[in-house]
1. Taking H as built 1.01 Å from N, whose amide H comes closer than 5 Å to the amide H of Gly56, not counting residues under 5 places away?
2. Relative to the longest principal axis of the chain, what angle (0 to 90°, nearest 10) does the C-alpha long axis of helix 89-99 take?
3. If I model a spin label at Ser263 and Ser131 as a point 7 Å from the Cα along the Cα→Cβ vector, what separation in nanometres do I get?
4. Helix 2-33 versus the longest principal axis of the chain: what is the Cα-based angle in degrees, 0 to 90, to the nearest 10?
5. With the full set of protein chains in place, find how many percent of the accessible area of the chain is carbon and sulfur; take the probe as 1.4 Å.
6. Between Val226 and Ser14, what length in nm is gained on full extension when 0.36 nm per residue of separation is reduced by their alpha carbon distance?
7. Report, largest value first, the span of the C-alpha coordinates of segment 286-329 along each principal axis, in whole Å.
8. When the gyration tensor of segment 124-279 is built from Cα positions, what are the square roots of 5 times its three eigenvalues, in whole Å, from largest to smallest?
Amino acid sequence: MVLIHKIMLLIGFSSLAIAAGYAVLNALAVLIWRLPRRDLRTPSQPPVTVLKPLCGLEPGLYEHLRSFCQQDYPQFEIVFGVRDQADPACSVVYQLMAEFPELPLKVVINPKLHGDNCKVSNLINMLPHASHELLAISDSDTAVARDYLTMVTAPLLLDDLVGLVTCLYRGVPTQPIWSRLGAMYVNEWYLPTVVLAWLFGHQGYVSGQTMCLRRDTLAAIGGLEVLADHLADDYRLGELVRRAGLRIVLSQYVISGQHHEMSLDSVTRHELRWMRTLRAVHPSGFRGLFLTFSLPLAALGIAITAWDSGSGTAWVLFTATLFARLILHFAYRLRGDLPFLADVWLLPARDLLICWVWCRSFFVSSVTWRGGEFDIDSHGVMHRRFGRSVAPGSTRCGSDAT
């Protein structure tokens, strides 16, 4: 019994120490990332093609696309792509064409599939219509300020060894509580984890919300076609760019991504796909991901050690974890566009849900994306469960990864 008691205490205090250490490091990483940095701008601003794959009339689509039309950049064009001329996103594009007649806005309607990743197929169909050497690929649910193109192209223009520029993004929820819960996943777990890894030297992060690169870099890695069957096409693109001997730069520019969820099932389905993607691209480290769930880990530790005479130390570690977790919650609300106190009560549900989704991902071999069911192999390659054919009017078209 004494041995079991000691083992349980060791497990409990280890859980608390890991939880507190990781939570504090995460909070520090986010605060450091938010510090002002040198504004990267270049005297030369060559023309840019923005590639916008679209699918359906998402909430806020007009405002998101319009923000790209208002760039303070000397010369750029936007190529929009859809699979079906009846796609309601087309009406938004035509509205923007009428509103900004001076801008070269193009819409490509092409149902051809090049692989199981419909978003990449859409991009492949759009690329021949791009006029410029610099390419900025961006998801449809992204909103940006006027200096976006200036900021994300600068690293490519300042250093020839930079092959790809990507951005962090903030999840901006729509009104439903499920949207707010889903945005917390992005803002309070996923992005702090990315920032911490980046500050420690890991440069594997690439987000489909922004991927800026040169056309010749894309050609050198085999073109978009090599991504056509990959679920995590952004991660695969970054992997190929690094293999080509080029660097990836995480821009200091943080964009806003719309987060819209209508139900708990919608939240868990999306997060299960994201977890399944992480498991595919990082199978060796995925099992240890539980160590990043600091609050549930600390709760486990305090439950084990609360009855011990040394529980004072345990409560100090638990309090440190809770305080750091609150910093992560409030750090993304300082700009004032998210309710500052309204969602604090969601923290326990948010952190328990991520544990449940992570556990469930070990028992799921398929993902649901845009109405399609796919199996994912050990290389992150998608395999459609019911064949590859997709009708032109189907909702199984690709724009963003949500």
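1. Residues meeting the criterion, in which the H sits 1.01 Å from N, are Ala89.
2. Computed tilt is about 60 degrees.
3. 4.6
4. 40
5. Reported share for carbon and sulfur atoms: 63 percent.
6. Values: separation 212, 0.36 × 212 = 76.32 nm, distance 4.37 nm.
Once the chain is fully extended between Val226 and Ser14, it gains 72.0 nm.
7. The principal-axis extents, from largest down, are 34, 25, 11 Å.
8. Working: eigenvalues 145, 56, 53 Å².
So the equivalent ellipsoid measures 27, 17, 16 Å along its semi-axes.
The values are calculated or read from the model by the stated rules, or taken from the named source; none is laboratory data. Bear in mind that the values here come from a model prediction, so they are computed numbers and not experimental data. Positions of Cβ are backbone-derived with ideal geometry, glycine not excepted, and every protein chain shown enters the neighbour counts. Just so you know, the surface numbers come from the protein's heavy atoms only, side chains and all, with ligands and any DNA or RNA stripped out. Shrake-Rupley method; radii C 1.70, N 1.55, O 1.52, S 1.80 Å.
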